[in-house]
Amino acid sequence: MSLKMEKSLLVKIIALVCALVLACLAGIEFYDHRHTKETVVAAEGLTEMHMLSEWVPSLKGTFGDTPVFFFDSGVEGGTILYVGGTHPYEPAASLSAYVLLENIKVEKGRAIVIPQANRSATTTGMLGNAYPNFYEVETDWGTVKLKNGDRWANPLDSWPDPFTYVHYPSNLSLTYQDIRNVNRCYPGRPDGSLIERVCFGIMEIIRNEKVDMAIDAHEAAVMYPVVETYVAHDRALDMAMMASMSLSAEKFYMKCEASPKNLRGLSHREWGDFSDTLAVLMETPQPFTDWIVGPMTPTLQTEGKDEFLDTAAKHGLTYVDYNDDFGSPIRYRVGRHLSGAQEVISWMNQMMPEKEVLVSWPTYEELMEKDCGYFLHDPAKADPSRVFEI
């Protein structure tokens, strides 16, 4: 073999070794994200924890299965459902469910909490978007590492995608990856795709547990029109409208929109159409999902400050008041969700006293003062029967 050929072979071997090393490092990162679990400490009032597969047995053993927490006061009243993690790349929604779950007190009626509606989507990041896999929340007892997920379920759990996703039962054609989107697959079906089964399971909880009000927590881009908004089904519209006016007058600006009847698969439409529940979706302003922002760092996720959005806001291109001095920190977004949920439940209580649910958890003011980590409890010091890995 000539010297030239030997050098060429050596270069190829070195290149192959480097490729294998990089592939191994990437594989470790993907494996870590898929299998890392988040630990929560349920509040003392926890009465039951079930898995979604108890309503849809075919979910058992899949990444679609997810915990469902029940808090029953023992006093007759209504039932509310709070859902986080529909889109795990909107972390304030999941974190608000964790803060609620760890601090809830129910004096009348029942509360059900699903903190990770699309658990499969927590096992992968936003591919190609340079999103960090994790962000951190500081507490008095240490740093809590939480996952950034995807909008859609992990392709490993739902493959292959169709060329076009045809929504059931409306037959509306949607983009192909929406077959992995929890907020496009309601009301679902028991023998459908993974996420259609997840959606069917949540619908079965709403129907079988006679949920009076169901609240779906989300985050939206600052440059997206439906932000700082309740989106409510017809039957819940008056309550959401009154709640938006109360919040706007006393705490923070909140809009209200009616759920469009020609959009299918969304919680605020299908929950109300396929059950008797009062369906409400909430959106907070999250700079992380805007396309014009600078580096997508964990700091942007938690502090919500971006100079490019600041410039856009100064030119009137955002749908919320935004400035880089305050940004849109995660404590602000979590606080909006928690007080937004309390307010719309309060109006349900006033308008339908027979469905009254007396429930409390940390408020917007408390989150703004103390931050999220203050309300997360140390699993090492908690009653083991209330510690769960999700």
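Report yes if some residue within region 368-382 is within 24 Å of residue 110 (Cα to Cα), small (Gly, Ala, Ser) and touching a Leu at 6+ places or on another chain (Cβ under 8 Å); otherwise report no.
No; the residues of region 368-382 include none that is within 24 Å of residue 110 (Cα to Cα), small (Gly, Ala, Ser) and touching a Leu at 6+ places or on another chain (Cβ under 8 Å).
For the condition touching a Gly at 6+ places or on another chain (Cβ under 9 Å), part of a strand (DSSP E or B) and open to solvent by 10 Å² or more (accessible area, probe 1.4 Å), what is the one hit in 106, 113?
The conditions single out 106.
Which pairs do you get when a residue that is free of Cβ contacts under 8 Å to residues at least 60 places away in the same chain, found in region 25-50, comes within reach of a residue that is crowded, with 17+ Cβ neighbours inside 10 Å, reach meaning Cβ atoms under 7 angstrom, with the pair 6+ apart or on two chains?
47/70; 47/71; 48/70; 50/68
Looking for whichever is free of Cβ contacts under 8 Å to residues at least 12 places away in the same chain and either in contact with a helix residue (DSSP H, G or I) (Cβ under 7 Å, 6 or more places away or on another chain) or open to solvent by 20 Å² or more (accessible area, probe 1.4 Å) (or both) here; the options are 155, 190, 160, 225. Which one fits?
160
Can you find even one residue in region 316-328 that is buried (at least 21 other Cβ atoms within 10 Å of the Cβ) and not in a loop (DSSP other than H, G, I, E, B)?
No, region 316-328 contains no residue that is buried (at least 21 other Cβ atoms within 10 Å of the Cβ) and not in a loop (DSSP other than H, G, I, E, B).
Here's a check for you: in region 352-390, which residue that is of a type in the set (A, V, I, L, M) and farther than 20 Å from residue 216 by Cβ is surrounded by the most Cβ atoms within 10 Å (Cβ to Cβ)?
My answer is 376.
What helices (runs of 4 or more DSSP H) completely inside region 260-315 contain at least 2 residues that are farther than 27 Å from residue 136 by Cα, touching a strand residue (DSSP E or B) at 6+ places or on another chain (Cβ under 7 Å) and open to solvent by less than 60 Å² (accessible area, probe 1.4 Å)?
By residue number, 267-273.
State whether the residues of region 236-254 include one that is open to solvent by 30 Å² or more (accessible area, probe 1.4 Å) and touching a strand residue (DSSP E or B) at 6+ places or on another chain (Cβ under 6 Å).
For region 236-254, residues open to solvent by 30 Å² or more (accessible area, probe 1.4 Å) and touching a strand residue (DSSP E or B) at 6+ places or on another chain (Cβ under 6 Å): present.
From the list 95, 81, exactly one residue is modelled with pLDDT of 95 or more and part of a strand (DSSP E or B). Which is it?
81
Quick one: in region 138-160, of everything that is in contact with a Leu (Cβ under 7 Å, 6 or more places away or on another chain) and polar (S, T, N, Q), which residue is modelled with the lowest pLDDT?
158
If I go through region 238-287 residue by residue, how many of them are free of Cβ contacts under 8 Å to residues at least 60 places away in the same chain and not hydroxyl-bearing (Ser, Thr, Tyr)?
14
Say we look at region 193-222 and pick out the residues that are more than 21 Å from residue 50 (Cβ to Cβ) and hydrophobic (A, V, I, L, M, F, W, C); which of these is surrounded by the most Cβ atoms within 10 Å (Cβ to Cβ)?
Once the filter is applied, the top-ranked residue is 222.
When both residues are 6+ apart or on different chains and their Cβ atoms are under 7 Å apart, which pairs have a first residue that lies in region 122-137 and is among the aliphatic types (A, V, I, L, M), and a second that is at pLDDT 90 or above and in a loop (DSSP other than H, G, I, E, B)?
Pairs that qualify, where the first residue is among the aliphatic types (A, V, I, L, M) and the partner is at pLDDT 90 or above and in a loop (DSSP other than H, G, I, E, B), are 126/89; 126/150; 137/376.
Between 242, 282, which is of a type in the set (A, V, I, L, M), at pLDDT 95 or above and over 22 Å from residue 94 (Cα atoms)?
Going through 242, 282 in turn, the sole match is 242.
May I ask you to say which residue of 67, 91 is surrounded by fewer than 22 Cβ atoms within 10 Å (Cβ to Cβ), under 16 Å from the mean Cα position of the chain (by Cα) and not basic (Lys, Arg)?
67
Would it be correct to say that residue 2 is polar (S, T, N, Q) and at pLDDT below 95?
For residue 2, the condition - polar (S, T, N, Q) and at pLDDT below 95 - is met.
Filter region 70-88 for residues that are of a type in the set (A, V, I, L, M) and over 25 Å from residue 124 (Cα atoms); which is most open to solvent (accessible area, probe 1.4 Å)?
In this case the residue turns out to be 75.
Name the residues in region 59-78 that are in a loop (DSSP other than H, G, I, E, B) and within 13 Å of residue 42 (Cβ to Cβ), would you?
none
The values are calculated or read from the model by the stated rules, or taken from the named source; none is laboratory data. Because the structure is a prediction, the values reported are computed rather than measured. Counting neighbours? That spans all protein chains shown, and the Cβs are built from the backbone with ideal geometry, glycine included. Surface areas here come from the heavy atoms of the whole protein model, side chains and all, with no ligands, DNA or RNA. Shrake-Rupley method; radii C 1.70, N 1.55, O 1.52, S 1.80 Å.
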